[in-house]
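Down below is the structure, laid out as C-alpha cells.
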Amino acid sequence: MANDEKMTRQEAGRKGGEATSKNHDKDFFKEIGQKGGKATSNNHDKHFYQEIGQKGGEATSESHGKKFYQEIGVKGGKARSTNN
C-alpha cells in the first residue's frame, strides 16, 4: 500500500487482530470474553437475550433448512435413547 492510500477499517481491524493474537495467549482472550459477557449481562435484560436467540434461530433456519433440523433431531433422539 502506498503512503497516500488510506487503510480501510477492515484492513486495520485485521492487522490489529493479528498483532493482538501474537501478543496475547488463550487466557487473555478468555478473560476479556468473560468481562464482555458480564458487561453485556449487566446492561441488558431477559428480553434482549430472547430477541438475539430468536434472530439466531431464524438465521440458522434460513441457512440450513428443514433437513438440518430433521437430522439433528434424529441424532439427539439416538443419543437420548442410548443414555437411558
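Between Asp27 and Thr82, the FRET efficiency estimated from the beta carbon spacing at R0 = 30 angstrom works out to 0.25. Segment Lys75..Thr40, full-extension length gain: 9.3 nm, with 0.36 nm per residue of separation and the alpha-carbon distance subtracted. About the centre of its Cα atoms, the chain shows a dipole size close to 420 debye [charges on the beta carbon of Lys, Arg (+1) and Asp, Glu (-1) only; nearest 20 debye]. Candidates Ser63, Ala19, Thr82 compared by Cα position along the dipole of the chain: farthest toward the positive end lies Thr82, with charges placed on Cβ. D by Stokes-Einstein for the chain, Kirkwood Rh over Cα pairs, 10 °C, 1.306 mPa s: 90 µm²/s.
The numbers here are math on the coordinates, done by the rules we state, and not lab data. Remember, predicted model here, so these are calculated numbers, not experimental data. Neighbour counts are summed over all protein chains in view; Cβ atoms, including those assigned to glycine, are modelled from backbone coordinates with ideal geometry.
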